[in-house]
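Participant: Quick one: structure below, then a few questions.
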Amino acid sequence: MEWGCKVGLRILPISALLLLLLGTWTCRAQSIALQRQAIADGAAVGALAGTYTAAWAAFSQGAGGGSSSALPWLGAGFFLGALAGGTTAYLLYDRSLWTPATAPSAPPGPFSIVNPRRGQLDLQIENLSGFTGPGSIVRVREFNLEGTGLHFNAMGIHSQQMPTIDLKYWLTGLGALQFRFRYFFNGGSHFFTYPVNFNGSTIAPFQTLSTGNDWFSLGFYYERRLRPWYEHSETTWPLWLRGWDLRARVGLEFTYINFVINSGHARVTPTSHGEETKEDFYHQETPVPTLGLEAYRHLNENFIFQGSIEGNWINRWNSLRDEGGKVWASESGFEVHARVYYTNPPYLGPLRPMLGFFVYYYRQDENSSEDGNFIRWSSFGPEYGVSISF
């Protein structure tokens, strides 16, 4: 018994030392993790700011000669922005002026779209079933021949179907990469009794003009949860403001439009300067920086509300294409969504049916001495689909 007590007394200091070292190592590991998170956050923000600033300088102000030589400006903006952002974040963290947010612990059980976990993959397949909004119009000039303003409703384009695939992968419980593909079924037909000028051609009157457009968009984004920065203050907020999982989104979006009338070969007048009746808007299109906000909130045990808004805007950017001179591109757009998800893991597993409402707006204007392509379109209506996480 006496020998056991002596051994125990000897082991206790060793155990205490091991626990102290383990605790110190754990704290240091956590500190290093927070430091890396701070640097990563700062580098990401800096890279985005640097890239956009470089793009503005190159495409809008002519830096780099206004040609393909301007592209290295984007790489330099990305690198220098990331370096400056990461350095600034490190210095702020090192001086205890800023601590990065940490992801809340994910609850056990099924995957959640409100509180995602590292490695989670969210897939959403939906369709936006919309009605053409007022003011939707397309007009295509070729040199001095001004295009006729063709209103979508006048061309029989009264509704649209927009199937969409949205894929989101969570790198951590805070940040995710998102990819979106959306196709636009946006066609119609109407009998015209008057001539139409389109892309240098004068389309003959008294014929049915049908539009069958190749139209889709691609988007690549980074999404970041913001709730860890404010959740500790929610207890003092009104009840209806609590429980929202707010997220910021930033990325690039590319829209491909090939606007075609009668397969590109509508009957033209004998005096028409051209014969082609289509316009490849995509040829002067450029990926556009896009910003967005998204919020999720549990309504009750089975229903989740999600609201989102995102938009983009560029004004007179060099498209790096020549059509009788430099083609200057201006583009803007936004979309708003309000969705309700139904979740019932015991019966549906990871599947979540969704029903919502959307508003979509898009505008593109391309100008050079040869081309003058303008399209403005909006749509609104219900949306429906299904979401699954795994």
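The values are calculated or read from the model by the stated rules, or taken from the named source; none is laboratory data. Just so it is clear, the structure is predicted and the values come from calculations on it, not from any experiment. We place every Cβ from the backbone using ideal geometry, glycine too, and count neighbours over all the protein chains shown.
Participant: Take segment 230-263 and flag every residue that is assigned to a strand (DSSP E or B) and over 30 Å from Gly187 (Cα atoms).
Facilitator: Answer for segment 230-263, where residues must be assigned to a strand (DSSP E or B) and over 30 Å from Gly187 (Cα atoms): Asp245, Leu246, Arg247, Ala248, Arg249, Val250.
Participant: A follow-up question, please. Among the residues of segment 263-293, which ones are touching a strand residue (DSSP E or B) at 6+ places or on another chain (Cβ under 6 Å) and either on the phi > 0 side of the Ramachandran plot or among the basic types (Lys, Arg) (or both)?
Facilitator: Gly264, Arg267, Lys278
Participant: Can you name every residue in segment 161-171 that is over 16 Å from the mean Cα position of the chain (by Cα) and either modelled with pLDDT under 95 or under 28 Å from Glu323 (Cβ atoms) (or both)?
Facilitator: Matches in segment 161-171: Leu171 only.
Participant: Filter segment 345-390 down to the residues that are among the aromatic types (Phe, Trp, Tyr) and outside any strand (DSSP E or B), then identify the one that is nearest to Glu323 (Cα to Cα).
Facilitator: Phe390
Participant: Please go through segment 281-301 and give me each residue that is under 27 Å from Ala204 (Cβ atoms) and out of contact with any Phe, Trp or Tyr (no Cβ under 8 Å at 6 or more places or on another chain), ordered by number.
Facilitator: His283
Participant: How about segment 217-259: which of its residues are farther than 24 Å from Pro289 by Cβ and basic (Lys, Arg)?
Facilitator: Passing the criteria: Arg227, Arg242.
Participant: I've got another one for you. Need at least 1 residues that are at pLDDT 95 or above and under 26 Å from the mean Cα position of the chain (by Cα) per element, so show me which strands (runs of 3 or more DSSP E) inside segment 270-322 make the cut, counting only ones lying wholly within it.
Facilitator: Answer list for segment 270-322: 288-298, 303-322.
Conditions (1) among the polar types (S, T, N, Q); (2) without any contact (Cβ under 8 Å) to a residue 24 or more places away in the chain, marked per residue:
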{"site": "Gly109", "(1), (2)": "no, no"}
{"site": "Val114", "(1), (2)": "no, no"}
{"site": "Arg118", "(1), (2)": "no, no"}
{"site": "Ile125", "(1), (2)": "no, no"}
{"site": "Ser129", "(1), (2)": "yes, no"}
{"site": "Ile157", "(1), (2)": "no, no"}
{"site": "Pro163", "(1), (2)": "no, no"}
{"site": "Asp166", "(1), (2)": "no, no"}
{"site": "Phe191", "(1), (2)": "no, yes"}
